Each structure stands twice: as structure tokens, then as C-alpha cells.
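The values are calculated or read from the model by the stated rules, or taken from the named source; none is laboratory data. Note that the structure is a prediction, hence the values are computed from the model and not measured. No Cβ is skipped: glycine too gets one built from the backbone with ideal geometry, and neighbour counts run over all protein chains shown.
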Amino acid sequence: MSTHGGQPAATGEVPEQRRVLAVLVLAQTIGGAGLTAGITVGALLAEEMLGSTGLAGVPSALFTAGAALGALGIGRICTLRGRRAGLALGYAVGTVGSIGVVAAAAAGSVVLLLPALLVYGMGTATGLMARYAGADLAAPARRGRAVSTVLVATTLGAVTGPVLVTPTGEIAQALGVPRLTGPFLLATVAFAAASIALACLLRPDPLRLARSLAVALRAVPGDGAKSGGEGPAGTGDGTAAPTGGRDVAVGTTVMVLTQAVMIAVMTMTPVHMLAHGRSAQAAGLVISLHVAAMFLPSPLTGMLVDRVGRRWVARASGPLLLAAGGLAALAPADSVPLISAALVLLGLGWNFGLISGTAIVTDALPPERRATTQGVVDVGLAVAGAAGSLVSGLAVARYGFTSMALVCGLAALLVLPVVGRPPHRAPRAAAPTGPGG
């Protein structure tokens, strides 16, 4: 096979894939700093402005609901205009939302805060939707690693954000706005820079190129069967990508379950710690470790997804989240090490569920149907997160953090019957055989 002109190389990937991944890595590294603003201080800001612990989950519910709207909109725009337009616009919307949160807190206006959090959430959807762009041109047996590359790029910014709660708070105070708005000031700069990077550099557009290659492949008599396991639209087993809804449903359900459990426990952990005398800085450290566990293991997870199998990794997410919920429930509220360990397991379980579920869904979709369906899938993730956030605040206020965390851990085991019995082996990438292979 040729290695130039948009044709797949011997590994099954087009040469443009490297540039696409490089640009996505750059944008995600920058934009990641803004993704955790709402997670880190959103609940604390709401508790301060609304004066109620029971309503502390409202901000997280709002920006995850916003993420649902954002995912739907980004998916639609990607379908019509390509990944570049959809992702760049998504981060631009997040910039507007971040500015709105800062303005609302400065004015002490709850009326402005709530819609601003919703718009901020629409922007955060971009961070997760970008993972699909990494898989558009990837060979089927390398999709897990492509998704993981984009996710791990988010780590640096996402982990740095919570640690900068105190420094950004001081900057916010110096500017005459509440200290808790500091992370949203950082999000404003990060989202704006990521939007500009994607708009200027994400060329060629990966989704448009994947569609063109799929059309060209179908136009060559007899070539589809030969190349189905290597081209961007193949499945890795020598056949064209399936279009059945069962695999889409399985992958979506895995991601929805792990998202709901992770959001519920994560959202209320800072509130739980502060209620028992720990500082905002300690809570920020725990969230930083959690976010690191959400993204940092991605290369290993991607390799496991590609080599061991999508469904094996999906099944493993359930017991990991159970262990996280159990440890969070049993850990003393003032024990930062034990709570940190619980949140690390929580992040790892989410990582397993997201990457395996993404690969299952992408395998089941041809390029022309991907963006719209993926947007709908991520709406499900956002809705699950919003529900988890809202219910977690009410559950903690009524039953306590311990009960909430334990129930969430047990609920994660539902992924086992959903995934069912996985096959023995996953499809593996063909070994490189050189330009003529």
C-alpha cells in the first residue's frame, strides 16, 4: 500500500493521522486546564451563594446538563462542517460560559450563575468529544490507543487546574472578584486558546477525510473485503464496520453507568471533606489525583482495549468502581490518603469504562454516521452525570456520604450483565510489512 496521498500505510493508518493526533494533543493539553473548574469549586461556589449543602450538587448538574446540549450540538456541527468547526466552536462557547460564571459570582447573582454554568458545561463537552476525532482515521486495531492518546493529553491541564485553586484564587481576589472564581478565570484563558488552536491547525479535518476514504474504498471493486480490517472504516477482522445498534447500546450503557457513578462520588467528595474540617487545598489535591487517574492510565488502558479486548476492559470497570465506592464509604473523613486512594480507583474505573465503551461504539459506526450518533451517545453521558450530581447532593444531605458512596459502588456492577460474556481475544493490528506490504 502507498504511504502517501491519504492512503492507508502498512499499519492500516493514513499518514495524516499523526498530524491530527498532534494537534488534538496540543489543544487538549491547553483546554484541559479549564475542564476541572466546575468540578473543583463548582459545588463550593454554589454552597456559598445558595447557602445550602443540599443544593451543592446543582452546579455540577447544570454543567453536565449543559454538556448534554453541547454534545448534541457539537455532534451535529461535526456532521455538517467537520470536527474542526465543531470542536473549535465548543471551546469558544465554554469561554463565554466561564466569563459568565465569574461575572455572576462578582455580582452575587444566582440568576446569572445558573445559566452561566449551563453554558460552561456546553464547552466542557468538547473535551470528551475530541476523543472521537482521534479515532476517525485510526486503524481499527489501534482505536483504543488513539482514543487514549487524546485523553491522556488532557491530563497535564486537568491535573494542574485543581492544584491552582489557591494561586488562581489570589489572582481573582486581586482583580476584585471572589476567590472561588479563580479556576473559572483559568478556564476562560484555556478554552479560548484551545479553540484558536483547533480552528487554525486541525487540517485536514479527520472526519471529512475518513468519509472520503470510505467512499473511495467502496468505489474500488473487491477492495472493501481486502482492506476492511485495515482502513479507517473496518472492524479489524477483515469486514466492513457493522451498523447494528446492539454494540452501540452496549458501549453507551457502559459509559453511562461509569459516568453516573464517577460524577456522583466525585462531586460530593470536596463537600464531604470541607464539612469535616479539611481545607479547600486538601480537597483540590484529592481532585487532582482523581483527575490524574481519570486520564493518566489512558495509554495502558488503550493498549488493553486493543490487545485484550473491549469487553474485558469494560467488565473490569465495574469491580474497580465498587472498590472505589466501598473505600470512599469506609475511609475516615479526615484521612486524605484513604480518600485519595478511593478517588484514584474511581478515576481508573471511569477510564476503563470510557475508553472501552468509546471503542465499542466507534467500531459499530461507519464514518458517515459517526458524529451525529457519537453526539447522542455523549448526551447520554451528560444526562447521567447531571442526574448523578443532583441526586448525590440530595442523598448526602438526607442519608450521608457513606451510604451514597456505597450504593454508587454497587450500582457499577450492573456493567457485568450489560457487557455479557466477552470473546476470548480482541482483533490485533497487522504487523508493518513496509510500503509494499
*Under 7 Å by Cβ, and 6 or more places apart or on different chains, what pairs join a residue from the range 310-337 that is more than 27 Å from residue 299 (Cβ to Cβ) with one that is of a type in the set (Ser, Thr, Tyr) and surrounded by fewer than 19 Cβ atoms within 10 Å (Cβ to Cβ)?*
329/402
*Any idea which of 354, 289, 300 is within 21 Å of residue 402 (Cβ to Cβ) and part of a helix (DSSP H, G or I)?*
289
*Tell me, please, whether a residue that is of a type outside the set (Phe, Trp, Tyr) and either more than 27 Å from residue 65 (Cβ to Cβ) or in contact with a strand residue (DSSP E or B) (Cβ under 8 Å, 6 or more places away or on another chain) (or both) can be found in the range 153-160.*
yes
*Assuming residue 381 fulfils every condition listed in (1) buried (at least 17 other Cβ atoms within 10 Å of the Cβ); (2) farther than 18 Å from residue 247 by Cβ apart from one, which condition is it?*
(2)
*Which one of these does residue 192 not meet: (1) surrounded by 18 or more Cβ atoms within 10 Å (Cβ to Cβ); (2) in contact with a Leu (Cβ under 9 Å, 6 or more places away or on another chain); (3) modelled with pLDDT of 90 or more?*
(2)
*Across the range 366-397, what is the total count of residues that are under 13 Å from the mean Cα position of the chain (by Cα) and not hydrophobic (A, V, I, L, M, F, W, C)?*
5
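Yes or no, residue by residue, for (1) modelled with pLDDT of 95 or more; (2) under 19 Å from residue 392 (Cα atoms):
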site	(1), (2)
254	yes, no
263	no, yes
267	no, yes
298	no, no
323	yes, yes
*Where in the range 89-183 are the helices (runs of 4 or more DSSP H), entirely inside, with at least 3 residues that are in contact with a Pro (Cβ under 9 Å, 6 or more places away or on another chain) and either of a type outside the set (A, V, I, L, M) or surrounded by 24 or more Cβ atoms within 10 Å (Cβ to Cβ) (or both)?*
110-135, 143-153, 165-174
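Check 355, 339 and return the single one that is more than 15 Å from the chain's Cα centre (by Cα) and either of a type in the set (D, E, K, R) or modelled with pLDDT of 90 or more (or both).
On the way: 355 fails: more than 15 Å from the chain's Cα centre (by Cα).
Being more than 15 Å from the chain's Cα centre (by Cα) and either of a type in the set (D, E, K, R) or modelled with pLDDT of 90 or more (or both) holds for just one of 355, 339, which is 339.
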*Since residue 10 meets every condition but one in (1) among the aliphatic types (A, V, I, L, M); (2) modelled with pLDDT under 85; (3) part of a helix (DSSP H, G or I); (4) out of contact with any helix residue (DSSP H, G or I) (no Cβ under 8 Å at 6 or more places or on another chain), which condition does it not meet?*
(3)
*Identify all residues within the range 314-351 that are of a type outside the set (Lys, Arg), touching a Pro at 6+ places or on another chain (Cβ under 9 Å) and in a helix (DSSP H, G or I); write none if there are none.*
314, 338, 339, 347, 348, 349, 351
*Which ones in the range 340-371 are crowded, with 23+ Cβ neighbours inside 10 Å and β-branched (Val, Ile, Thr)?*
355, 358, 360, 361, 362
